[in-house]
């Protein structure tokens with residue numbers, strides 16, 4: 001990989017590990033719906049001129065039905081649900097649980113009949129889900145099942161989203177798909193956010209939402225597309241394995257969240273499981289043409305079909 005590729009890779013690993021801490025700060029003062037609305041609206045508007053200049057939106061809008069489905073499962077549901085979960089769960093815990101997305105994708109693709117379980121994949125799934133079990137069992141207050149359910153639904157949505165792209169949107173410009181889905185999500189959030197809009201917005205919450213929109217959404221996607229162009233999609237998606245480490249580090253150092261036994265046990269198991277569960281043979285990796293995800297936190301690699 002070139003020096004530019006490494007620079008983009010490290011930048012993306014950092015940028016896409018940051019959202020969990022920013023969301024945690026924002027939802028202390030704002031409803032999760034307002035946070036998600038601000039992030040999608042500002043992020044989408046920032047990308048809109050770039051998408052229009054590249055003429056990337058028109059072909060996407062012609063296929064609005066799969067775009068709507070993709071938006072619902074990859075952005076509208078997950079970004080609200082993550083915010084809701086972080087009203088009670090630590091950002092580092094949420095970041096690590098989201099790292100299980102590749103495991104869920106493996107299960108879904110296999111159940112749909114597009115893949116099969118081999119020994120490597122079974123071992124990966126067992127290791128990954130053992131890591132999730134360790135994290136939940138040791139760290140999470142099971143008295144709040146709604147937060148866990150929210151993260152569970154989020155991981156499913158993040159796993160389904162790239163499959164929707166692969167089946168119905170893969171031939172469209174990724175920039176157009178991302179911009180269209182962000183603005184569509186903002187339109188869906190808008191009436192609820194207006195109803196829940198606070199009388200006063202604190203500086204910490206405002207800066208967090210702005211950071212989510214500008215850095216972790218608009219800038220992140222432009223960097224990600226540059227990374228794909230520089231290194232190829234297969235290498236680009238390896239940042240999935242860096243994001244939870246950044247989320248844990250920021251949660252512990254910036255938000256004074258505890259570094260727990262559940263994280264120490266669960267983190268390596270989840271990452272190992274994801275690597276084994278989604279690993280491709282050399283030939284398959286060379287042929288792979290992977291779609292770019294619209295949710296930064298879920299840049300999960302699809303298993304081979």
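The values are calculated or read from the model by the stated rules, or taken from the named source; none is laboratory data. Only a predicted model underlies this, so the values are computations on that prediction, with no experimental measurement involved. Note that we place each Cβ from the backbone using ideal geometry, even for glycine, and neighbour counts take in every protein chain shown.
Across segment 113-141, what is the total count of residues that are free of Cβ contacts under 8 Å to residues at least 24 places away in the same chain and part of a loop (DSSP other than H, G, I, E, B)?
The total comes to 4.
Out of contact with any helix residue (DSSP H, G or I) (no Cβ under 8 Å at 6 or more places or on another chain), more than 16 Å from residue 76 (Cα to Cα) and part of a helix (DSSP H, G or I) - does that describe any residue in segment 208-230?
For segment 208-230, residues out of contact with any helix residue (DSSP H, G or I) (no Cβ under 8 Å at 6 or more places or on another chain), more than 16 Å from residue 76 (Cα to Cα) and part of a helix (DSSP H, G or I): present.
Mind telling me which of the residues 166, 204 ends up being over 20 Å from residue 248 (Cα atoms), under 21 Å from the mean Cα position of the chain (by Cα) and part of a helix (DSSP H, G or I)? Even if it seems obvious, please write down each step before you answer.
On the way: 204 fails: under 21 Å from the mean Cα position of the chain (by Cα).
Going through 166, 204 in turn, just one is over 20 Å from residue 248 (Cα atoms), under 21 Å from the mean Cα position of the chain (by Cα) and part of a helix (DSSP H, G or I): 166.
Does residue 257 satisfy being within 24 Å of residue 36 (Cβ to Cβ), over 16 Å from the mean Cα position of the chain (by Cα) and either modelled with pLDDT under 90 or surrounded by fewer than 24 Cβ atoms within 10 Å (Cβ to Cβ) (or both)?
yes
What is the number of the single condition among (1) surrounded by fewer than 17 Cβ atoms within 10 Å (Cβ to Cβ); (2) out of contact with any helix residue (DSSP H, G or I) (no Cβ under 7 Å at 6 or more places or on another chain); (3) free of Cβ contacts under 8 Å to residues at least 24 places away in the same chain that residue 144 does not meet?
That leaves (3) as the condition not met.
Please count how many residues of segment 176-187 are touching a residue at least 40 places away in the same chain (Cβ under 8 Å) and surrounded by fewer than 21 Cβ atoms within 10 Å (Cβ to Cβ).
Here the count works out to 1.
Is it the case that segment 23-30 has a residue that's free of Cβ contacts under 8 Å to residues at least 24 places away in the same chain and in contact with a helix residue (DSSP H, G or I) (Cβ under 9 Å, 6 or more places away or on another chain)? First the steps, then the outcome.
We begin by selecting, within segment 23-30, every residue free of Cβ contacts under 8 Å to residues at least 24 places away in the same chain; these are none.
Looking through segment 23-30, none of the residues is free of Cβ contacts under 8 Å to residues at least 24 places away in the same chain and in contact with a helix residue (DSSP H, G or I) (Cβ under 9 Å, 6 or more places away or on another chain).
Confirm whether residue 161 is at pLDDT below 95 and within 16 Å of the chain's Cα centre (by Cα).
Yes; evaluated as a whole, the condition is true for this residue.
Yes or no, residue by residue, for (1) at pLDDT 95 or above; (2) over 30 Å from residue 215 (Cα atoms); (3) surrounded by 16 or more Cβ atoms within 10 Å (Cβ to Cβ); (4) touching a strand residue (DSSP E or B) at 6+ places or on another chain (Cβ under 8 Å):
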| position | (1), (2), (3), (4) |
| --- | --- |
| 44 | yes, no, yes, no |
| 49 | yes, no, no, no |
| 70 | yes, no, yes, no |
| 84 | yes, no, yes, no |
| 99 | no, no, yes, no |
| 112 | no, yes, no, no |
| 127 | no, yes, yes, no |
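Would you point out which residue out of 94, 34, 50 is under 30 Å from residue 130 (Cβ atoms) and either touching a residue at least 24 places away in the same chain (Cβ under 8 Å) or in contact with a helix residue (DSSP H, G or I) (Cβ under 8 Å, 6 or more places away or on another chain) (or both)?
94
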